[in-house]
Structures are given as structure tokens and as C-alpha cells.
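Have a look at the structure below, then the notes.
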Amino acid sequence: MIETIVRPPTLEEMSSFYRVYQTGVPNVDSLTYDGFSRWWNRSKILGDLLALWRVAAVEDELVGVSISMVLDSYGWGAIWELVVDPEWRRKGIGTRLAQESEHALLERNPALTHFAMALKLQNPAAIPFAERLGYGIQSLVLRLDGPTEDKTFAKALDVKIPRLEDIPLIMHLTPDTYWGLRDYRMIEFSLRGGNCYLMTEPTNNLVVGFARYEHDHDYPDATVISFSYRQGYGQDVVDAALNGVKTQKAILWVQAKHEEILDHLYAKGFHRADAEFLARKRIKGLCQIFAD
Ligand SMILES: CC(C)(COP(=O)(O)OP(=O)(O)OC[C@H]1O[C@@H](n2cnc3c(N)ncnc32)[C@H](O)[C@@H]1OP(=O)(O)O)[C@@H](O)C(=O)NCCC(=O)NCCS
């Protein structure tokens, strides 16, 4: 019987962690070593590396890794990435890593109501794996990539830089993705980081949209747009957001249930570059979890 130990990574294990992580691509997000080390260093400073990252080790060899994060505004603990080296799969290591990650998430925030896991569409094996752990698939989120040169206006909206007093209005808009901005603190953090825009209806000054641009070092010619919108204004907000982009391409993650926005983006020449199912599990009482 092989003895597997699940524990936080040590600071010297960054490159071996990345090696195992890479064996999960394309079923986990593809990251350059630079992008990965920025994530590692940021997590080290925030304390997440020891609290929420885990490795499975057999003797001194790393055979599995997981990265979790707490989405406070939702009350969710998300197992964001989970990989077992292909040579070591189907031996219960993924299950151990997932269970240890759940414990770590609850220790970080005992008030969590759900655990969540994102499962790539191209990886059907992850679905029975997650379901056996008690997760249920609840929605599909699509990453659409496309050109930005087609500057069309369905309806011109006024676009301005949001102020802190706009936050309560932004909180009431519908976010594009399940991890979109919903709480005061997260929106304030975004506003302070810049690259945020507020869209209003010119006739009555009604706030109908919010967009944030991000530049991912792994995609230098593209702008990643996240947005929130008032019901009925989704397409106009997307158009206004695309009009402000300076790069040739844009990347948007959109929930499959926002059909009118997907339809609009496909008609503009966007294509699906990635997709993932969101699987969730309701958290039992704390005592029950630790007793399992
Ligand atoms: C998904 C993954 C983490 C599973 O790790 P693992 O160590 O092989 O999982 P376990 O051995 O704990 O499997 C537990 C159960 O899940 C199910 N399962 C796991 N892999 C499966 C597969 N390829 N096909 C069907 N069922 C599977 C089985 O029910 C299995 O129990 P069994 O072996 O007794 O039949 C691993 O396949 C992997 O790293 N995949 C690539 C990355 C990825 O998809 N990550 C998940 C989402 S981020």
C-alpha cells in the first residue's frame, strides 16, 4: 500500500508544483511559468499558499496538487484547480486532495455555505469524479474570444468613470459570470484598481451597466472584459464595453443562461475558446464534516 501525504506545499516546491499542475492541461487553465509564479507569490503574501494550496506527496515526489479560494461574497469555497499526475490517477489521490481542500476552506471561513468546482467541458472524466464527491452540476460558463474592430452602437450609452457612491447601484446589476462582482468590498477593490467604467442611459441617467478591463500577461493582444448589466440592456452594455477596448481582441466569460448576450457575441464573430461546468455541493454542519 502506497502512503500518500496531503499537506501544504513548502516554499521550495514551486517548480515541482508547476510540473504536476501542467500535467492537468488542457483540463485546468493553461498558465505560463511566469503567470504561475506571480499567482504563487501573491498567495504566499496573502497567506493562501499555506492555508489553501495543497500537494499530495509519495515519499518526496509530488503526485497531485490543488489550489482553492474563498469567494466571500457568495459564501462559496472553490476548489479552483485540482490535478493528479496521470501516472498516479485512479488511486484515490484526487479524492484525498479534494477532501483536504474542503477542510482547509472551512477552516479559513467556517461560514461557507457551498463548495464549488469548475469542470472543463473537454474533460468528461472530471464529472463522475466530482459527482462521487457529492457535487452536482448547476451551470455552464463559456469563454468567448473575438474581434473588437466592429464598433457598432445598438443604442449609445453614456460611459463614465464610476465613483465610490455608485457602488450600491453596481451591486444591483446582474454579473456575466457566477464569480462576478456582487459585494461592496470587491467592487470597491476593483474601482480602486482602475480600468472600470459605468454605463448610463442618456435620457434618464439610469445606471444600466458596469465593465472592468483586465490585461492578462498570457494574452498580450487581448482585453479580458467582465461586466454587469441591468435586465434588458445586456447587448448595449457589451457593445459599449467592446467600443472602449484598445486591443484587437476581447475575451468574455458568459453564463450559458445569458442567451441573448451569447447570441449577440456569436453574431459579431466571437467563438467559444473554453467552457466549464460549475458543480456545487451544499455544506453540511461543520461538526458533521469534521466527523466524516
Ligand atoms: C479528475 C482527477 C483530479 C481525478 O483524480 P484521481 O486521483 O484519478 O481520482 P480518484 O482516484 O480519487 O477517483 C475517484 C473516483 O472518481 C471517478 N473517476 C476518476 N477518474 C475517472 C475517469 N477517468 N473516468 C471515470 N470516472 C473517474 C471514479 O468514480 C473514481 O473511483 P474509482 O477509481 O473507485 O472508480 C484527475 O483525473 C485529473 O487530474 N484530471 C485532470 C485535471 C482535472 O480534470 N481536474 C478536475 C477539475 S479542476
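Here, each number is a calculation from the coordinates, and none is a lab measurement. This is a predicted model, so every value here is computed, not measured. Positions of Cβ are generated from backbone atoms using ideal geometry, with glycine treated the same way; all protein chains shown enter the neighbour counts.
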* **For the chain, average projected area of the Cα convex hull in nm²** => 15.9 nm²
* To do: Would you mind pulling out the separation of the Cα centroids of region 1-45 and region 178-250, in Å?
  => 31 Å
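If contacts are Cα pairs under 8 angstrom and at least 6 residues apart, what is the relative contact order of the chain in percent?
About 20 percent, as a whole number.
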* Please provide three numbers in whole Å: the alpha-carbon extents of region 143-275 along the principal axes, with the largest listed first. => 36, 32, 28
* To do: State the number of lysine pairs found in the chain whose Cα atoms come within less than 16 Å, restricting to pairs 8 or more positions apart or on distinct chains.
  => 5
* Asked: Calculated FRET efficiency, LEU46 and THR203, Cβ-Cβ r, R0 45 Å, to nearest 0.05?
  -> 0.55
* Under 1.5 on a/c is rounded, so check that first for region 1-136, then, if it is not, pick prolate when a/b is larger than b/c and oblate when it is not; a ≥ b ≥ c are the square roots of the alpha carbon gyration tensor eigenvalues. => rounded
